[in-house]
Each structure stands twice: as C-alpha cells, then as structure tokens.
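Everything below concerns the one structure shown next.
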Amino acid sequence: MWSRASPRFADRTDAGRRLVPLVRHLRGPELVVLGLPRGGVPVAFEVARALDAPLDVVVVRKLGFPFHAELAMGAIGEGGSEVLDEALVAYEGTTEQQVREVERREREALDERVRRLRSAREPLDLTGRTALLVDDGIATGATVRVACRVARVRGAIRVVVASPVAPTGVADVLIEADEVVVLHMPLHFAAVGHWYRDFTAVSDREVAALLGLP
C-alpha cells in the first residue's frame with residue numbers, strides 16, 4: 001500500500017502524523033508499534049499515540065562497508081539476527097575478515113544501545129500479536145528486514161512495515177514482512193534525509209523520553 005502524498009515532510013513528527021491514515025486499519029488490542037532507533041522512534045510515537053497502541057523498539061544496526069560506511073552491506077539486530085548481502089559484499093571485494101570486524105564493532109554498539117534502552121523495562125511481549133515496525137525511511141531495507149526477524153522471534157504472528165518514504169519496489173525486498181505500507185515512493189530516491197526539511201539526528205535521550213523511560 002502506498003500514497004502519492006506530498007513528497008516532503010517538515011520533520012519526523014509530521015511524517016508520523018501523515019502516516020497514520022495508511023495504518024489505521026491495524027488498530028486493535030493485538031497491535032504493538034515498534035520504532036527503529038533512533039530516527040524511527042519519533043515517527044512511531046505519533047503512530048502509536050494515534051492508534052492507542054503500546055510503543056516499544058527493535059534495536060538494529062546497519063553494517064556499512066569498511067571504506068564506505070553509508071553503503072549498507074547488511075544489518076544486525078537484537079538476539080543475534082543478521083542480514084548480509086553476500087553478492088554485494090563479493091562485488092565490492094570485501095574480505096570475510098573485514099566483514100567480521102564491522103560486525104564486531106556494530107554488535108558492541110548495538111549491545112550498548114540495548115542496555116540503555118532496556119535498563120528500565122523488559123521488551124513488550126509480542127506473542128500472538130501484530131507488530132507494526134516503523135522507521136523514518138527505508139533505503140536498502142537491510143535494517144528493516146532484520147527488525148522483522150527480531151519481531152518474529154519475539155512471537156509476533158503478523159509483521160507490518162510502515163515508513164513515510166522508501167524507494168519504488170521496496171515491498172519486493174522486504175520478504176519477511178506480511179504487509180508493507182509506504183506514504184511516498186519516489187522514482188529517484190537519493191537518500192532518506194532528502195525527503196525531510198528537518199532531519200536532525202535523534203539522540204538516545206530523546207528515544208528514552210518518547211518511550212517513557214527515566
């Protein structure tokens with residue numbers, strides 16, 4: 001499902017509010033909204049508030065190439081979940097040792113973020129529930145695919161991905177999701193931040209506040 005909405009968002013709050021009409025059909029007692037830290041959480045917060053649903057996070061980290069960190073070769077998530085684009089890794093000539101070093105570094109960062117965001121409460125129980133995964137934008141889809149796997153491991157029986165913006169054809173990539181909802185799918189995607197007037201980085205403190213953590 002997608003919409004030909006205006007292609008620019010004022011900020012993540014605006015994006016979340018504009019995403020709500022496309023996911024309102026999911027409202028119900030079985031729904032849990034999961035934001036992808038950090039940028040996806042302000043978007044998810046607006047969705048969860050509008051749908052009167054509990055809000056939690058799925059902690060994931062992108063695996064960037066050693067000499068081009070912005071280009072994702074995969075992603076990792078809580079509980080050991082991982083997605084790796086082996087064809088792209090081979091094409092770029094990245095060695096297994098280089099991949100493992102990036103994984104080690106990002107796993108340490110992921111574990112530290114989990115400690116900060118899980119210190120005050122346990123993850124919400126997803127057993128038998130619908131998990132609505134929300135991010136502020138999807139580029140390669142690697143982190144969202146990992147997040148889908150984490151939600152399944154945590155017991156979700158249905159996984160829906162929702163994002164304000166993503167490239168055309170993103171649903172074909174997100175094979176782990178039961179449904180993909182995107183507000184705007186430009187033919188020329190460029191980068192997620194291109195579609196926001198304010199794309200200021202979100203801090204862990206802001207994420208904790210939105211989750212109601214001390």
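From the list ARG18, ARG49, ARG24, the one residue that fits, being part of a helix (DSSP H, G or I) and free of Cβ contacts under 8 Å to residues at least 24 places away in the same chain, is ARG49.
For segment 52-70, filtered to residues that are in contact (Cβ under 8 Å) with a residue 24 or more places away in the chain and of a type in the set (A, V, I, L, M, F, W, C), the residue that is nearest to GLU106 (Cα to Cα) is LEU63. Among the residues of segment 153-192, the one identified as among the polar types (S, T, N, Q) and within 26 Å of GLY128 (Cα to Cα) is SER163. The set of residues from segment 83-94 being outside any helix (DSSP H, G or I) and under 12 Å from PHE67 (Cβ atoms) comprises GLY93, THR94. Entry remark, segment 52-69: residues being outside any strand (DSSP E or B) and within 14 Å of the chain's Cα centre (by Cα) number 2 in total. Of the residues ALA44, ALA48, ALA72, the single one that is within 16 Å of the chain's Cα centre (by Cα), modelled with pLDDT under 85 and within 20 Å of VAL150 (Cα to Cα) is ALA72.
Given the criterion surrounded by 13 or more Cβ atoms within 10 Å (Cβ to Cβ) and closer than 19 Å to ALA139 by Cα, identify the matching residue among ARG61, ARG107, ARG49. Step by step, each of ARG61, ARG107, ARG49 is checked, and only ARG61 is surrounded by 13 or more Cβ atoms within 10 Å (Cβ to Cβ) and closer than 19 Å to ALA139 by Cα. When the test is whether a residue is part of a loop (DSSP other than H, G, I, E, B), at pLDDT 95 or above and in contact with a Leu (Cβ under 8 Å, 6 or more places away or on another chain), ALA156 passes it.
Scan segment 110-140 residue by residue and report those that are charged (D, E, K, R) and open to solvent by less than 50 Å² (accessible area, probe 1.4 Å). ARG113, ARG118, ASP135, ASP136, listed by residue number.
The values are calculated or read from the model by the stated rules, or taken from the named source; none is laboratory data. Note that the coordinates shown come from a computational prediction; the quantities given were computed from them, not determined experimentally. Counting neighbours? That spans all protein chains shown, and the Cβs are built from the backbone with ideal geometry, glycine included. Note: areas computed on protein heavy atoms with side chains; ligands, DNA, RNA excluded. Shrake-Rupley method; radii C 1.70, N 1.55, O 1.52, S 1.80 Å.
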